[in-house]
Amino acid sequence: MAYIRVKSSSLALFWVLLGALFLAGCMGGGGKAKDSSSDDIEYKQDLSAPLVLIPNPYDKQKVNVAADVSARFNKALALMEVKKWVEAEMALEPLTQSNPNLSGPWLNMAICIWRQGEIAAAGSAFDKALAANPQNNDSYNAYAFFAREQGDFAKAESLYKKAIQVWPHSAVSHRNLGVLYDMYMGRFDDALYHLEMSAKIMGEPDKELKGWIVDIKRRQKSQTKEAQ
C-alpha cells in the first residue's frame, strides 16, 4: 500500500493501493483497440494548449472536526498502515455512526471491509462515502479500483469519469482511467489521452508514466502498420 495524502482535518482518504491503481494492469488482457466512446468528449481538452490548473474543490471545503474524532481517526489509519483490517474497522465504525456526514471514516472503513473479502458490504460503504461527500475525489478513485478488481470495468470507468468531473485536473484520476482503458478495455486512443493529460498536470511525470505513454504509441504504430 502507498501513502497518498493525509488531511486529518477533513478526514480524507489515507490508504489507496496507489501502486496497484497504476501498475496492476498487468493482471488484465489487452484486447484490440476500439473507437473512443462519445461520452468521453466532454472530458477532452487540447493537450497542446496551456493548462490553468483547477484546485481540488475538496481541499476548499471547511470542515470542523472535534479533536477526539481526529485522534480516533488517526489511530484507525495507523492500524491500516500495518494491515490490521479488523481492528481498524472496529475503530472506524463508531466514527461513521457519530459522524455520518464525514466521508473519510466511510471510505477507509470500505477499504478495511474490502481487504477482508466482504465485497457487498464494502460496496455499500463506498456508496455511503460518496453520499457523505460527493466532492471527495479520493472516494471515486478508490471505489473505481474496487470495481475494477471485481471485473466491473464499466462501473470503474463511470467512477473515474465522475472523479474527473469533480476535479478535472486530478493527475491520479486521469492516470487510473488511462490504465483502465489500456489494459482492460483496449481503448488505446482514450488511454493515451488520459495518460498524457496526467503527465501534463504533473508537469514532471515520473519515469513509469513516461514509459507507459511511449509504449502505447509504439503499439498504436505497430497496429497501424499491420492494418496497412
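The values are calculated or read from the model by the stated rules, or taken from the named source; none is laboratory data. Note that the structure is a prediction, hence the values are computed from the model and not measured. Positions of Cβ are generated from backbone atoms using ideal geometry, with glycine treated the same way; all protein chains shown enter the neighbour counts.
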field: Filter result (of a type in the set (Val, Ile, Thr), closer than 30 Å to Ala191 by Cβ and at pLDDT below 85) within segment 31-88
entry: Ile41
field: Single condition Ala142 does not satisfy, out of (1) at pLDDT 95 or above; (2) crowded, with 21+ Cβ neighbours inside 10 Å; (3) closer than 16 Å to Lys162 by Cα
entry: (1)
query: Do any residues in segment 39-58 that are closer than 21 Å to Asp138 by Cα have Cβ atoms under 8 Å from those of residues that are at pLDDT below 80, where the two are at least six apart or on different chains, and which pairs are they?
result: Tyr58/Ser10; Tyr58/Ala12
- line: Scanning segment 183-228 residue by residue, those more than 17 Å from His169 (Cα to Cα), part of a helix (DSSP H, G or I) and among the small types (Gly, Ala, Ser) turn out to be Gly211, Ser222, Ala227
